[in-house]
Each structure stands twice: as structure tokens, then as C-alpha cells.
1. Counting only residues 5 or more places away or on other chains, whose amide H sits under 5 Å from the amide H of Leu55 once H atoms are built in the peptide plane?
2. Given 0.36 nm per residue, what is the gain on full extension from Thr46 to Asp2 after removing their alpha carbon distance, in nm?
3. Local charge sum around Leu68 (other residues, Cβ-Cβ under 10 Å, Lys/Arg +1, Asp/Glu -1)?
4. Could I have the simple spin-label model distance between Phe32 and Glu101, label points 7 Å from Cα toward Cβ, reported in nm to one decimal?
5. Inverting the mean 1/r over all pairs of different Cα atoms, compute the Kirkwood radius of the range 1-100 and quote it in Å.
6. What are the ³J(HN,Hα) values, in whole Hz, obtained from phi via the Karplus relation 6.51 cos²θ - 1.76 cosθ + 1.60 with θ = phi - 60°, for each residue of the range 102-116 in sequence order, with x given for Gly and Pro?
7. With labels modelled as points extended 7 Å from the Cα through the Cβ direction, what inter-label distance (nm, one decimal) is found for Asn57 paired with Ala72?
Amino acid sequence: MDIIQIVPRLPPAIDGLGDYALNLARQLYNDFNLKTHFAIGDAAWTGNTQIEDFLINSVDERSTTALLSLLASKPTTVLLHYVGYGYAKRGCPVWLVEGLERWKRNTPNSNLVTMFHEVYASGKLPWTSSFWLSDWQKN
């Protein structure tokens, strides 16, 4: 059985969440023989198409269509590592939510597991985007 992990970035980018996902992929393979395919949600990410035995595909752009093209022929179990700012400049990745909703509707026997690394930012100063967008991020 294979799974796909959606992450903002993987090495060589310096990103703790990417490192975590890669270590999780290794452990899932060692303990349960689950092979991970990675879907990178940052279109600006540059790196190899494979790390160890794990295949990597990146979205061409942050859009619902780009995400659905990565998930079209992939396994029916998706693990999303969620951190809003990893998928959108202002922390509101509408494209990701819409893409996963459409994927789930079109793949009824699929499993979506979300690991929340950050839900929303908080800010008390009105000139910060987190002040204005935290309610939208929570939603």
C-alpha cells in the first residue's frame, strides 16, 4: 500500500516540517512497508524528483487544478501536513482546501488525514495581516 504526503517543501530546503515528513515516510516504510509519494505544495520549490526511494512531484502553480493533477493517479490515502503559511503567502490556502474537497468527492473510498502543525496565526496589531486574517485562517 502506498500513501501520498502533501508538504510545502522537502530538502534541500531548510524546513522542519519537510524533515519531519521525510522521517515519517522512512518510519512508515520500515515499520509497515508503506511507500510514500510526496506532493510539494510550493511551486517555487526546487529539488530532486526522488529522495531515497520516495518519489516527489511538485505543483506547477498553487491551484486546485495543479493539485488534482498530482492526486489523479495516486493512492487513496493522503496525509496532509497543514501549515497555512506553507501553502499561501497570507496563510489562507483556498486552492488547497478546494482541491482536497474535490479530490475527496471524486474519490469516495479515499482517506484524508490532516496533521495540523499550525492552524492559524495570531496578531494584535491592526497593521499585520495576521490581525485581519486569523478568523479566515481559523475557518
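1. Phe38
2. Details: separation 44, 0.36 × 44 = 15.84 nm, distance 2.38 nm.
Residue separation times 0.36 nm, minus the Cα-Cα distance, leaves 13.5 nm.
3. Working: positive: Arg102; negative: Glu98.
That sum, taken over residues with Cβ under 10 Å, equals 0.
4. So the two model labels end up 2.8 nm from each other.
5. Numbers: mean 1/r = 0.0744 Å⁻¹.
That comes to 13.4 Å for the range 1-100.
6. My calculation for the range 102-116 gives 5, 4, 5, 5, 7, 10, x, 8, 8, 10, 10, 10, 10, 9, 7 Hz in order.
7. With each label point 7 Å from Cα toward Cβ, the separation is 0.8 nm.
A short reminder: the numbers here are calculations on the coordinates, not readings from a lab. Bear in mind that the values here come from a model prediction, so they are computed numbers and not experimental data. Here Cβ is always computed from backbone atoms with ideal geometry, including for glycine, and neighbour counts include all displayed protein chains.
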